[in-house]
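Below is one structure, written out as structure tokens, with a few remarks after it.
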């Protein structure tokens, strides 16, 4: 049987062990494992890497603990603007949406952009119109309401302050993502986020930007990033891992190390990424104190972690 593997993340940042109750840690780990099980079920049956990453990210979007889909943070207007992307390593097809409202699973809409629109990235009301046309599941504002997220917003509402998820004493980059290798040797990657609390001007981060927050190429790797979006865009972080492998011949592990620990820090690029190559090698690396993450291979053993 051919090799297959899957990795997921649920955000990174300054995650203090002392603030994490055993119950909350268990809930986060369960959310990650649920996503791994969803994607692994696809791969185990010989399904595509694209289907696996979409299924895994949908699971994370449905979990209110993570800042994507149902758990998305509030913007300055008290709304939820969500971004997502997906990419196929076999043919470099990609789809993405930015600033969408009321779409239950933005990753599903990104997949439809890739397959049905003739475009790569659509945004705002245009993306919402496309969602209607594609008849994707929509939810009202109440579905996305979470008291914890609302309280976050209230602390900075009416100011110019933006928050990178959770509370004032922590810097957390709330993004979810998945990378997969299927039994046919194809790679895929996907990323989804609700962005920053109290964000204005329809700000868009790296998650829907192909090459910045998401990238997949069968010749090298599949990458999903989580971090300070502006820095990851400037570093073209996801594509840079591919470039270091393709043009300099670096291993996946070394390419990720260079990007995460050498190239991003000078740009205030706190965060991390998950990576997978065509041989099934998995690298989950970050330059902050923690990253919600997990992985599973052919043996079906599910591994989750938060701290280093």
Does residue 131 satisfy the criteria of being closer than 30 Å to residue 41 by Cα, assigned to a strand (DSSP E or B) and modelled with pLDDT of 95 or more? no
When you scan the range 158-204, how many residues do you find that are touching a strand residue (DSSP E or B) at 6+ places or on another chain (Cβ under 9 Å) and either at pLDDT 90 or above or not in a loop (DSSP other than H, G, I, E, B) (or both)? 22
Filter the range 279-307 down to the residues that are touching a strand residue (DSSP E or B) at 6+ places or on another chain (Cβ under 6 Å) and in a loop (DSSP other than H, G, I, E, B), then identify the one that is farthest from residue 261 (Cα to Cα). 297
Do we find a residue being on the phi > 0 side of the Ramachandran plot, at pLDDT 70 or above and surrounded by 15 or more Cβ atoms within 10 Å (Cβ to Cβ) anywhere in the range 142-152? no
Any residue at all in the range 254-273 that is modelled with pLDDT of 95 or more, surrounded by fewer than 20 Cβ atoms within 10 Å (Cβ to Cβ) and within 23 Å of residue 53 (Cβ to Cβ)? no
Of all residues in the range 205-239, how many are crowded, with 24+ Cβ neighbours inside 10 Å, modelled with pLDDT of 95 or more and in a strand (DSSP E or B)? 9
The correct count of residues that are in a loop (DSSP other than H, G, I, E, B), out of contact with any helix residue (DSSP H, G or I) (no Cβ under 8 Å at 6 or more places or on another chain) and touching a residue at least 60 places away in the same chain (Cβ under 8 Å) in the range 240-278 is 1
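The values are calculated or read from the model by the stated rules, or taken from the named source; none is laboratory data. The shown structure was predicted, so the numbers you read here are calculated from the model rather than taken from an experiment. Please note: Cβ atoms are built from the backbone with ideal geometry, for glycine as well, and neighbour counts cover all protein chains shown.
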